Amino acid sequence: MTEFWLISAPGEKTCQQTWDKMNMATSQTNLSTNHKFNIPELKVGTLDVLVGLSDELAKLDSFVESVVRKVAQYMADVLEDSRDKVQENLLANGVDLVTYVTRFHWDMAKYPIKQSLKNISEIMSKVTQIDNDLKARASAYNSLKGNLQSLERKNVGSILTRSLADIVKKEDFVLDSEYLITLLVVVPKTSYPDWQKTYETLSEMVVPRSTKLLFEDQDSGLFSVTLFRKAIDDFKHKARENKFMVRDFQYNEEEMKADKEEMTRLSTDKKKQFGPLVRWLKVNFSEAFIAWIHIKALRVFTESVLRYGLPVNFQAMLLQPNRKNVKKLREVLQDLYKHLDSSATVIDASMDIPGLNLSQQEYYPYNANSSAPFHPASQRLYPIIY
């Protein structure tokens with residue numbers, strides 16, 4: 001998992017100087033690997049709008065993060081035994097998440113900067129539709145998958161409980177007889193000798209030498225035995241006393257054929273839905289993740305203007321901390337920006353994503369909005385840290 005901190009600091013004489021100062025203090029001492037995080041100059045609007053938008057974006061950030069996580073998790077669920085392929089399907093604009101975040105460029109087509117901040121945030125909030133569609137698609141696919149698994153479970157496991165349809169054959173039974181019936185009995189392997197010695201005498205009217213071993217699993221064997229119908233109850237009672245279990249089974253070719261056809265249909269339907277579902281998840285994960293990073297950028301812009309004032313003059317920076325030096329990095333950043341008012345520095349929460357991470361904000365003396373990492377799904381800001 002890759003961790004990032006997204007931070008914003010007020011411009012010195014130029015924003016380049018702000019970048020150089022931070023970069024020199026952190027990268028040359030191997031505290032972090034740094035990238036400029038380019039945010040275009042957006043329409044500022046009024047103070048009231050900025051304050052209201054700040055709260056709305058915090059909620060939107062959290063919601064879209066949850067959608068990103070849900071899509072990623074469901075991708076893993078759908079891929080099942082191919083979970084090693086999850087990462088290659090979780091891309092943003094066709095590139096891996098780390099590359100997308102470290103080379104972030106505002107998408108002018110999706111989020112036109114000539115529109116107001118409020119309108120841009122409303123465009124980003126359309127991720128709600130992805131969440132709704134995911135619920136519907138997941139419900140349909142899970143229902144199909146659950147029904148198939150239910151049928152599959154009937155065909156595995158102990159012969160005490162599993163379906164016998166694929167084990168027995170028509171010729172194993174006496175059918176269409178007014179007087180005779182074939183029963184199926186589960187006998188522990190350790191009791192085979194006892195069964196052979198006693199089955200004919202468990203009750204009256206058992207057909208001699210009618211037993212046959214049809215199937216075995218690890219612990220037991222399935223035997224057939226033929227007897228007169230009037231002796232069924234007595235035979236079952238005596239069988240239980242001897243720890244032989246009579247399965248409740250009637251040979252019905254039509255029912256068994258219907259079950260097999262249903263399993264084939266469900267299996268075929270699942271395969272048909274799998275490809276389109278994976279493609280939908282791949283496309284919409286990218287959409288949700290891109291929206292999420294743009295929301296982070298919009299939050300940095302909004303908070304920076306609120307904290308640093310006009311004209312707009314700040315530098316957003318993406319830091320990838322050296323895990324061994326996280327504490328030292330915080331100390332260096334605090335020292336670097338301690339001259340700022342306590343409300344002038346923010347760290348935005350970290351982000352988490354399959355392979356990245358992003359959590360809620362924490363505040364520092366220099367106004368750090370969260371020190372949680374922003375793993376391509378995780379972000380942090382110092383002097384504005386998002």
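Against the conditions (1) touching a residue at least 12 places away in the same chain (Cβ under 8 Å); (2) out of contact with any helix residue (DSSP H, G or I) (no Cβ under 9 Å at 6 or more places or on another chain); (3) closer than 19 Å to Phe228 by Cβ, Asp176 satisfies every one except (1).
Within the stretch 231-261, the set of residues being modelled with pLDDT under 95 and part of a helix (DSSP H, G or I) comprises Glu253, Glu254, Glu255, Met256, Lys257, Ala258, Asp259, Lys260, Glu261.
Could you say which residue among Leu42, Leu57 is within 18 Å of Tyr111 (Cβ to Cβ), modelled with pLDDT of 95 or more and touching a Ser or Thr at 6+ places or on another chain (Cβ under 7 Å)?
Leu57
Taking the stretch 199-223 as the range and being closer than 16 Å to Thr161 by Cα and over 42 Å from the mean Cα position of the chain (by Cα) as the test, the residues that pass are Leu214, Phe223. Filtering Gln87, Gln149 for residues that are in a helix (DSSP H, G or I), at pLDDT below 95 and not assigned by the TED database to the domain that holds Pro40 leaves a single hit, Gln149. Of the residues making up the stretch 16-42, those that are closer than 13 Å to Phe314 by Cβ, assigned to a loop (DSSP other than H, G, I, E, B) and open to solvent by less than 20 Å² (accessible area, probe 1.4 Å) are Phe37, Leu42. Identify, please: which residue in the stretch 68-115 is farther than 18 Å from Arg279 by Cβ and under 17 Å from the mean Cα position of the chain (by Cα) and is, among those, most open to solvent (accessible area, probe 1.4 Å)? Ranking the candidates gives Asp81 first. Pairing each residue of the stretch 31-56 that is among the small types (Gly, Ala, Ser) with any residue that is outside any helix (DSSP H, G or I) and open to solvent by less than 30 Å² (accessible area, probe 1.4 Å), provided the two are 6+ apart or on different chains, yields C-beta distances under 6 Å for Ser32/Leu319; Ser32/Pro321.
The values are calculated or read from the model by the stated rules, or taken from the named source; none is laboratory data. Remember, predicted model here, so these are calculated numbers, not experimental data. Using ideal geometry, Cβ is built from the backbone for each residue, glycine included, and neighbour counts are taken over all protein chains shown. Each accessible area value is taken on the protein alone, full model and side chains, heavy atoms only, with ligands, DNA and RNA left out. Shrake-Rupley method; radii C 1.70, N 1.55, O 1.52, S 1.80 Å.
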